[in-house]
Amino acid sequence: MSLLHIEDLDTYYGYVHALKGITLDVETGEIVTLIGANGAGKSTTLRAISGLIPIRGGSISFDGQPLNGVPAHKIVERGVSHAPEGRHIFGTLTVTENLNMGAYILGKDQDAITRNRERVFKLFPRLEERRRQLGGTLSGGEQQMLTIGRALMASPRLLLLDEPSLGLAPLLVRLIFDTIREINAAGVTVLLVEQNARAALKIAHRAYVMETGRITLAGDAAALLADERVRKAYLGEQ
Amino acid sequence: MQLLQQIINGVTIGSFYALVALGYTMVYGVLKLINFAHGDLFMWGAYLGLTGVSLLAGLAGAGQPWMAVPVITGVLALIALTGVLVERVAYRPLRAAGRLAPIISALGVAFILESIARNVYGARWRTYPTGVAPAGGFVLAGSVRISTMQIAVLVISFLLMAGLYLFVQRTRVGTAMRAVSLDHTVSRLMGIDVDRIIALVFVIGPGLGGIAGVVVALYYGSFDFTLGWSFGLKAFIAAILGGIGNIPGAMLGGMFLGLVETLASGYISPQWKDVIAYVILIIILIFRPTGILGERVAAKV
């Protein structure tokens, strides 16, 4: 049984039919990536999984339990963490406070919080150096590290990453993708939404290609990386 | 000497403004809503306190200072409950309805609370039984004196504000409150139950307002149903002055307004105190439109 199973999912933004019958699976231990153009519904899929937008048709289940109708703040407790697009860190909270909010569901379990924070600091030593700084004063790359680190603070089994490389310098993009691999190697399953299709396909096991609210292609990441249609449409090759 | 006396009086009035301003600023923080009903919740604190004190004074034969303790506790609970109810009934259903509808709803609640108070307690000035507000005082130096009531006001306000500040800055739930005031969506992704945090804000803000209602009524002795509008409006101004949404700002804004008013009244003319105070206010807002402590940290985008 898949860790995450989405079946025939429909969602709307107002009257706009955003997702039109999406079906996808993520198995335990995988990195799965969703690629596609702007507005294809990649972020919407993540937002539906974490309960930010209502499911209007079909179903989402995590670890065999349905997520339909479960409020967003309860979905984190099930083991799904979402690092949103655009580095939505809490600007007037310190780095440590931001991380503590990521561990909100752990309550007063200080041991677990400290352990997770040490893990995050090991992944991103820059965050440790800046732990007393306000989130809003960090650079773009550091904010992205904080967004990912904060999502890891809840000890998730599934990490949803939305455009982690957006707007970052090439060197930082490499660092972020290496870290995603490292996080996955430590046992966290990853569902990765990316515009940078090449980098995403290189680290992913499997991939889905989305177009205007539908999944148009699916398969092994390596196979898609070699696929003629993918190369033309998403990897910028003639 | 005269100056010290004015400062003592100004800080006392300033702490009233500050306590009420906290309610405006906290609600604005989490909902970006000016809770116009807050002044009237504060006014209801004064009336409920009147009922409580009158009841106890009637039973005991005369008003005594200890009565303030159970009365303040009871009023705190009742006004907090009312605050939560107002949020649940009048604001929460409108949360997705934009900015205008909740403001109109808040004004509606303000008029409802004010009308009920006038109908229940009458339009005339009401006076607390004597003997509840602690009498006497101390001479500090020469003609400068501080009354026992002033000391009580300052101690209560300081404890409440310090407690609130520590709660918001140091605890997990207090940090969650700050997170919610920055971003509801991301707060939900953290597992924070945003509705519960908002409800908690409507416990604390109106609760502090309720306490302030009793203490203000005890300090001045008498009041009427316009207390919420007149005094509440000044507290709202104090919140803006300090930087709305900013908790230390509300404390600072309240103190500042109280001091300016008292000094203007003492040194220039009581009739002109409002003119002077608000000219200063306008000047400050021209130079700092976001208030004294408002949005000091610019977020990088």
**Q.** Count - residues of the stretch A:53-82 that are of a type in the set (S, T, N, Q) and part of a loop (DSSP other than H, G, I, E, B)
**A.** 1
Q: Identify, from the list A:Arg150, A:Arg115, the residue that is open to solvent by 40 Å² or more (accessible area, probe 1.4 Å) and either among the acidic types (Asp, Glu) or in a helix (DSSP H, G or I) (or both).
A: A:Arg115
Q: Look at A:Thr216 and say whether it is assigned to a strand (DSSP E or B) and open to solvent by 20 Å² or more (accessible area, probe 1.4 Å).
A: yes
Q: Search the stretch A:132-142 for residues being out of contact with any Leu (no Cβ under 8 Å at 6 or more places or on another chain) and open to solvent by 10 Å² or more (accessible area, probe 1.4 Å), and hand back the single one that is nearest to A:Asn184 (Cα to Cα).
A: A:Ser139
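Can you tell which of A:Ile105, A:Ile75, A:Ile89, A:Ile55 is within 30 Å of A:Ala18 (Cβ to Cβ), within 11 Å of chain B (Cβ to nearest Cβ), open to solvent by 20 Å² or more (accessible area, probe 1.4 Å) and without any contact (Cβ under 8 Å) to a residue 60 or more places away in the chain?
A:Ile105 is the lone residue from the list that is within 30 Å of A:Ala18 (Cβ to Cβ), within 11 Å of chain B (Cβ to nearest Cβ), open to solvent by 20 Å² or more (accessible area, probe 1.4 Å) and without any contact (Cβ under 8 Å) to a residue 60 or more places away in the chain.
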**Q.** Selection from the stretch A:132-147 of residues that are among the hydrophobic types (A, V, I, L, M, F, W, C) and not in a loop (DSSP other than H, G, I, E, B)
**A.** A:Leu134, A:Met145, A:Leu146
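When you go through A:Ala207, A:Ala199, A:Ala169 one by one, which is the residue that is of a type outside the set (Ser, Thr, Tyr) and at pLDDT 95 or above?
Matching residue, one of A:Ala207, A:Ala199, A:Ala169: A:Ala207.
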Q: Mind counting the residues in the stretch B:139-150 that are touching a residue at least 12 places away in the same chain (Cβ under 8 Å) and open to solvent by 40 Å² or more (accessible area, probe 1.4 Å)?
A: 5
Q) If A:Met153 satisfies every condition in (1) aliphatic (A, V, I, L, M); (2) within 21 Å of A:Asp25 (Cα to Cα); (3) within 13 Å of chain B (Cβ to nearest Cβ) but one, which is the exception? A) (2)
Q. Using beta carbons and a limit of 6 Å, which pairs, at least six apart or on different chains, have the first residue in the stretch A:111-130 and within 15 Å of A:Glu182 (Cβ to Cβ) and the second one open to solvent by 40 Å² or more (accessible area, probe 1.4 Å) and at pLDDT 95 or above?
A. A:Phe121/A:Glu128
**Q.** Where a residue in the stretch A:14-29 is surrounded by 15 or more Cβ atoms within 10 Å (Cβ to Cβ) and its partner, wherever it lies, is not in a strand (DSSP E or B) and not small (Gly, Ala, Ser), with Cβ under 6 Å and at least six apart
**A.** A:Ala18/A:Thr44; A:Leu19/A:Thr44; A:Val26/A:Leu3
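Does B:Arg178 meet the test of being within 14 Å of another protein chain (Cβ to nearest Cβ), in a helix (DSSP H, G or I), open to solvent by 60 Å² or more (accessible area, probe 1.4 Å) and under 20 Å from A:Gly91 (Cβ atoms)?
Here the answer is no, as B:Arg178 does not meet what is asked.
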Q. Of the residues B:Gly108, B:Gly74, which is surrounded by 15 or more Cβ atoms within 10 Å (Cβ to Cβ), outside any loop (DSSP other than H, G, I, E, B), of a type outside the set (Ser, Thr, Tyr) and modelled with pLDDT of 95 or more?
A. B:Gly74
Q) Counting just the residues of the stretch A:1-13 that are crowded, with 23+ Cβ neighbours inside 10 Å and within 17 Å of the chain's Cα centre (by Cα), which one comes out nearest to A:Asp178 (Cα to Cα)? A) A:Leu4
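Determine whether the stretch A:207-226 contains at least one residue that is touching a helix residue (DSSP H, G or I) at 6+ places or on another chain (Cβ under 7 Å) and among the charged types (D, E, K, R).
Taking every residue of the stretch A:207-226 in turn, none turns out to be touching a helix residue (DSSP H, G or I) at 6+ places or on another chain (Cβ under 7 Å) and among the charged types (D, E, K, R).
Provide a single number: the residues in the stretch A:36-52 that are outside any loop (DSSP other than H, G, I, E, B) and either among the β-branched types (Val, Ile, Thr) or away from chain B (no Cβ under 14 Å) (or both).
Qualifying residue count for the region: 5.
Restricting attention to the stretch B:112-138, and to residues there that are hydrophobic (A, V, I, L, M, F, W, C) and surrounded by 13 or more Cβ atoms within 10 Å (Cβ to Cβ), which single residue is farthest from B:Leu50 (Cα to Cα)? Walk me through how you get there before you give the answer.
Pass one, the stretch B:112-138, residues hydrophobic (A, V, I, L, M, F, W, C): B:112-113, B:116-117, B:120, B:123, B:125, B:132-133, B:135, B:138.
If we keep only those that are surrounded by 13 or more Cβ atoms within 10 Å (Cβ to Cβ) too, we end up with B:112-113, B:116-117, B:132-133.
On the way: B:Ile112: 20, B:Leu113: 16, B:Ile116: 15, B:Ala117: 12, B:Val132: 11, B:Ala133: 12 Å.
Going through the qualifying residues, I end up with B:Ile112.
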Q) Out of (1) open to solvent by 60 Å² or more (accessible area, probe 1.4 Å); (2) in a helix (DSSP H, G or I), the odd one out for B:Ala96 is which? A) (2)
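The values are calculated or read from the model by the stated rules, or taken from the named source; none is laboratory data. Just so we're clear, the structure is a prediction, and the values are computed from it rather than from any experiment. Cβ coordinates were reconstructed from backbone atoms using ideal geometry, including for glycine residues, and neighbour counts include every protein chain displayed. Keep in mind that these areas ignore ligands, DNA and RNA; they rest on the heavy atoms of the full protein, side chains included. Shrake-Rupley method; radii C 1.70, N 1.55, O 1.52, S 1.80 Å.
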